[in-house]
Amino acid sequence: MDKVAQFVDQRIRVADFSAETTLTSDTVPVNVDAIAFWLVWDAEKAVLEVEHFDQAVVLSAQTALRNAIGKHDLATLLSERDKLGSEIQKVLDEKTSAWGITTQAVEIRDVIIPKGLEDAMSRQAQAERERQSRIILGTAETEIAEKFATASKHYRNNAVALHLRAMNMVFEGLRQKGSMIIVPSTAVETMGLGALGGLTAFGQQAEQELKKEEPETDQDGGAQAESTA
């Protein structure tokens, strides 16, 4: 007669396991760490049906993890960890149910990839962001061109409105101190900037001459006052 005496803890247990240097479906070597939550619901089966049931659970979890990694690519491992953990839990629970053990959940703790691959993925992500920024900039330029085309319809047969708009653009540019604007000759002729510039220069010259004459006038006035006295 054989006698087996063993105490079995039927509380929920946590087992950590890993798969080192396992290739994904797109041939990328990864190291994956995971944990499994399981419990013994039938102590008799756990003791009599399998030897060292706790070790059997960990080894079965490692095998299921390796199989799951080989079925998915790296992007799936990084973005859909919950889905991968559910697949492993389902496979592991089907195997351990015959031992009186239930696997409640499997969680992926970490996915470690080679350092060189991390740098390559970083450069790829940077290039993708640069491409997206160029696309957004091109889309903005297209929308701006459409707005200008729509605005041009309002200026097509309205010379006064076009003249006022051009003068406003020049004013906005000259409002900043020390700024300079290069305007095409056709725009100068259209807006009459040549005459405007000539009038401005003439006004400045006249103002300077008046300033020069003011002291002389003061001296003459003073002399007349003395002679009168």
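The values are calculated or read from the model by the stated rules, or taken from the named source; none is laboratory data. Here the structure is a predicted model, which means the values were calculated and not measured. Virtual Cβ from ideal backbone geometry, glycine too; neighbours counted across all protein chains shown.
Please go through region 19-28 and give me each residue that is surrounded by 15 or more Cβ atoms within 10 Å (Cβ to Cβ) and either in contact with a Gly (Cβ under 8 Å, 6 or more places away or on another chain) or part of a strand (DSSP E or B) (or both), ordered by number. Listed by number, the residues that qualify are ALA19, THR22, THR24. Look at (1) surrounded by fewer than 21 Cβ atoms within 10 Å (Cβ to Cβ); (2) more than 36 Å from the chain's Cα centre (by Cα) and you find that LEU74 fails only one, number (2).
Return yes when ALA56 is more than 11 Å from VAL32 (Cβ to Cβ), at pLDDT below 85 and not charged (D, E, K, R) and no when it is not. Judged against the criteria, ALA56 is not a match.
Being outside the structural domain of GLU49 (by TED's automatic domain parsing) and at pLDDT below 85 holds for only one residue in GLU143, GLU172, and it is GLU172. Cβ separations smaller than 8 Å between residues 6+ apart or across chains give the following pairs from region 108-135 residues that are closer than 16 Å to THR21 by Cβ to residues that are surrounded by 11 or more Cβ atoms within 10 Å (Cβ to Cβ) and of a type in the set (Lys, Arg): VAL111/ARG81. Do the conditions hold for ASP9, that is, is it within 29 Å of LEU78 (Cα to Cα) and charged (D, E, K, R)? Spelling it out, it is not the case that ASP9 is within 29 Å of LEU78 (Cα to Cα) and charged (D, E, K, R).
For LEU92, state whether it is assigned by TED's automatic domain parsing to the domain that holds LEU48 and either at pLDDT below 85 or closer than 20 Å to LEU59 by Cβ (or both). When the stated conditions are applied, LEU92 passes them.
Please go through region 143-170 and give me each residue that is surrounded by 10 or more Cβ atoms within 10 Å (Cβ to Cβ) and among the aromatic types (Phe, Trp, Tyr), ordered by number. TYR155 - this is the single residue of region 143-170 that is surrounded by 10 or more Cβ atoms within 10 Å (Cβ to Cβ) and among the aromatic types (Phe, Trp, Tyr).
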